[in-house]
DNA sequence: AGCACGCCGACT
DNA sequence: GTCGGCGTGCTC
């Protein structure tokens with residue numbers, strides 16, 4: 001295509017699309033390129049940003065070879081990041097181009113930020129000295145540079161005063177470096193007063209950071225044990241070493257409260273990174289992380305793919321949280337990939353949680369991680385007193401879901417003018433609606449799941465694919481009027497029941513259905529903190545990120561929900577979630593209570609919650625996983641086949657199944673309809689792979705899919721190594 | 001993942 | 001007669 005004489009050499013370039021390997025591009029004579037350079041290259045009909053990869057460019061037919069069109073004035077993507085991208089692609093069995101794409105998610109950041117126009121004194125004197133001019137000159141006399149409007153504002157004059165002075169040559173224009181997105185954190189700013197136990201753990205973490213080199217630490221501390229303050233000491237140590245720090249938080253936990261605590265300790269806020277960051281801000285953060293101006297990032301899982309050049313510590317807070325698992329495009333768990341990133345970068349990683357994942361506990365037991373335990377809450381804050389309510393012995397009234405025991409506790413809490421939190425992890429009014437006459441059940445037309453009644457919206461809603469329809473008066477099957485019955489509770493129904501029993505109490509429902517988005521949620525939380533509500537009925541939303549200082553009673557409406565869904569992690573998840581919810585209370589020094597409604601009070605989850613001792617529960621779960629050869633002892637993977645129509649998806653899944661490579665240690669189950677049978681208008685089927693030992697399941701999948709017929713039509717295949725959720 | 005090219009339904 | 005829906009195929 002282009003005359004060869006114009007091309008110096010051929011280099012591999014990773015482009016942001018599902019390419020299995022880098023593409024080859026010619027380097028024009030005189031263009032300076034190194035591995036990691038971020039470049040603009042022609043790709044089909046458009047131009048995209050890619051990264052120059054390592055090694056030699058592959059030989060490619062001259063007719064296909066095109067040339068790099070531009071090198072961005074941007075720090076090259078560090079070798080560590082390129083290695084990390086290759087590693088993640090290999091592990092997740094995804095095209096490396098798609099992983100690289102995650103690291104290039106700030107298109108406008110590759111060009112330097114435009115400098116801010118500033119002004120500075122030249123030394124020349126103005127012809128006349130008016131009072132306004134005098135104020136301006138006094139402020140500027142130390143030779144410091146100002147922005148035009150900044151100086152005018154500071155001096156309390158209009159900007160035409162400044163313009164006049166510029167005109168006379170008193171000020172000259174200079175380019176100021178772009179404004180940093182955040183101030184520099186100061187590791188010595190506000191050292192917290194730590195207890196001796198906390199101090200010991202903090203000292204160990206500081207030591208690890210100080211030594212340098214890779215290490216993985218599980219920081220295990222109950223809610224209120226000061227985990228955050230303790231790992232802040234590790235952050236301080238890394239900053240003192242001149243390294244950058246990444247703190248990962250589950251998306252929802254990225255709250256004002258965390259940022260404030262960070263500010264109290266370091267005198268500045270960390271840079272934030274999450275999916276709904278404004279594009280302009282996003283670009284600034286990306287650029288300043290690459291340039292090393294930003295020293296600490298607090299972010300959601302995608303922050304792992306920021307182009308840090310001096311990263312020296314990763315903290316994964318609430319490491320057990322399922323939000324660390326990405327389940328679209330590239331399926332990865334940011335907690336696990338953080339450990340990999342730390343090993344590649346040769347620096348420490350800290351996994352923190354009050355309820356560590358079973359995987360992390362086993363890794364600690366096997367000596368791969370060091371486990372540091374913070375056993376006690378601050379002296380003045382007692383752990384909540386948690387009791388199970390046996391629903392067989394204390395059943396609710398017919399048509400109700402709250403047992404007399406819980407109602408009595410709520411009543412007493414109201415009498416004391418304290419607050420109650422009721423937790424039910426189910427949105428809407430009722431999870432199932434049926435016709436009392438013919439038995440018709442309302443089911444989603446796309447998925448196989450029941451439609452959830454949302455009484456407030458007067459709709460039946462599918463919680464899997466978002467499909468919704470108005471709730472009819474008559475049964476669509478038999479036509480009978482007014483005989484549709486809601487079955488089971490959602491938060492709306494619990495709130496209704498509360499209103500019935502306590503008509504004078506101020507009740508708030510908190511779920512993702514709350515209209516008004518994050519802003520409204522923040523307002524509601526504030527109102528609750530100010531004591532403007534007596535009873536809060538909430539879903540999962542209340543489990544994370546935000547504490548309710550005034551809550552002295554937490555009621556779990558249905559602790560058994562989620563225990564019987566076939567997910568091998570169901571018990572662990574339930575324990576973690578309920579522990580977290582009950583931990584929201586009891587921070588005020590008041591005596592607080594957690595009441596757990598269950599039909600199986602003997603269940604290990606309930607016993608662990610009631611006793612506050614998770615060791616026996618975890619030991620049992622570990623044994624169960626070991627026996628069944630489930631992660632972390634064995635391996636699981638899913639192959640998800642999706643297509644526009646059900647037969648298409650199922651048909652290809654069957655073809656894939658027939659092509660299964662023989663490996664005695666790997667079982668293939670399915671195809672079966674995938675847990676979320678329909679997503680974004682596509683039908684999904686799943687093959688489940690199980691190896692009872694830590695087999696190289698990736699090689700197996702590669703060999704297998706290579707043998708299988710190519711996906712035809714709209715069929716797409718996605719691979720999920722160790723699916724972390726089965727719902 | 002984008003994007004263009006290509007072939008079938010309702011309209012300026 | 002066109003505009004536009006999204007199925008299909010390609011990108012060094």
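Details
- Volume per residue that the Cα convex hull of segment A:277-320 spans, once the total is divided by residue count, Å³: 74 Å³
- Dividing the Cα radius of gyration of segment A:522-568 by its Kirkwood radius returns 1.07 for Rg/Rh.
- Sorting A:275, A:642, A:403 from the fewest to the most surrounding beta carbons within 10 angstrom yields A:275, A:403, A:642.
- Fully extended contour minus Cα-Cα distance, from residue A:624 to residue A:698, at 0.36 nm per residue: 24.2 nm
- Size of segment A:110-265 from its Cα atoms: along the principal axes, largest to smallest, the extents are 69, 32, 30 Å.
- Across all Cα atoms of chain A, the radius of gyration (one decimal) and Dmax (whole number) stand at 29.5, 96 Å.
- For segment A:3-75 versus segment A:150-196, the gap between their alpha-carbon centres in whole angstrom: 41 Å
- If you take the alpha carbon atoms of segment A:674-727 and fit the smallest convex hull around them, that volume is 86 Å³ per residue.
- As a ratio to 2.2 N^0.38 Å, the alpha-carbon radius of gyration for segment A:31-71 is 1.17.
- Relative packing of peptides A:623-635, A:111-123 - highest average C-beta neighbours within 10 Å first: A:623-635, A:111-123
- Reported value for segment A:217-328: 112 Å³ per residue, from the convex hull of its C-alpha atoms.
- Extension reserve of the residue A:56-residue A:135 stretch, reckoned as 0.36 nm per residue once the Cα distance is removed: 22.2 nm
- For segment A:574-727, the percent of C-alpha pairs falling in each 5 Å distance bin, counted from 0 to the bin holding the largest distance, reads 2, 8, 15, 14, 13, 11, 10, 9, 8, 5, 3, 1, 0.
- Quick note on segment A:634-721: its Rg to Rh ratio, both from C-alpha atoms and Rh being the Kirkwood radius, is 0.96.
- Shown here: segment A:429-488, whose C-alpha atoms stretch 28, 24, 19 Å along the first, second and third principal axes, sorted largest to smallest.
- Packing order of peptides A:530-536, A:137-143, highest average first: A:530-536, A:137-143 (average count of other Cβ atoms within 10 Å over each peptide's residues).
- Within segment A:317-474, all pairs of alpha-carbon atoms sorted by distance into 10 Å bins from zero give the percentages 8, 20, 21, 26, 19, 6, 0.
- For segment A:653-727 versus segment A:395-466, the gap between their alpha-carbon centres in whole angstrom: 35 Å
- Burial ranking of peptide ranges A:702-714, A:199-211, A:420-432 (average Cβ count within 10 Å, highest at the top): A:420-432, A:199-211, A:702-714
- Relative to its Kirkwood radius, the Cα radius of gyration of segment A:109-157 gives an Rg/Rh of 1.10.
- Rel. contact order, % - alpha carbon contacts under 8 angstrom, at least six apart, chain A: 10 percent
- Paramagnetic reach from residue A:257 (point 7 Å along Cα→Cβ, amide N under 11 Å) across segment A:536-575: A:542-551
- Once the Cα gyration tensor of segment A:3-104 is diagonalised, semi-axes √(5λ) in Å: 22, 15, 12
- P(r), alpha carbons of segment A:611-664 - 10 Å bins starting at zero, rounded %: 19, 27, 23, 19, 11, 0
- Across all directions, the average flat footprint of the convex hull enclosing the Cα atoms of segment A:115-187 is 5.6 nm².
Read the figures in this text as sums done on the coordinates, not as results from a lab. Bear in mind that the values here come from a model prediction, so they are computed numbers and not experimental data. Virtual Cβ from ideal backbone geometry, glycine too; neighbours counted across all protein chains shown.
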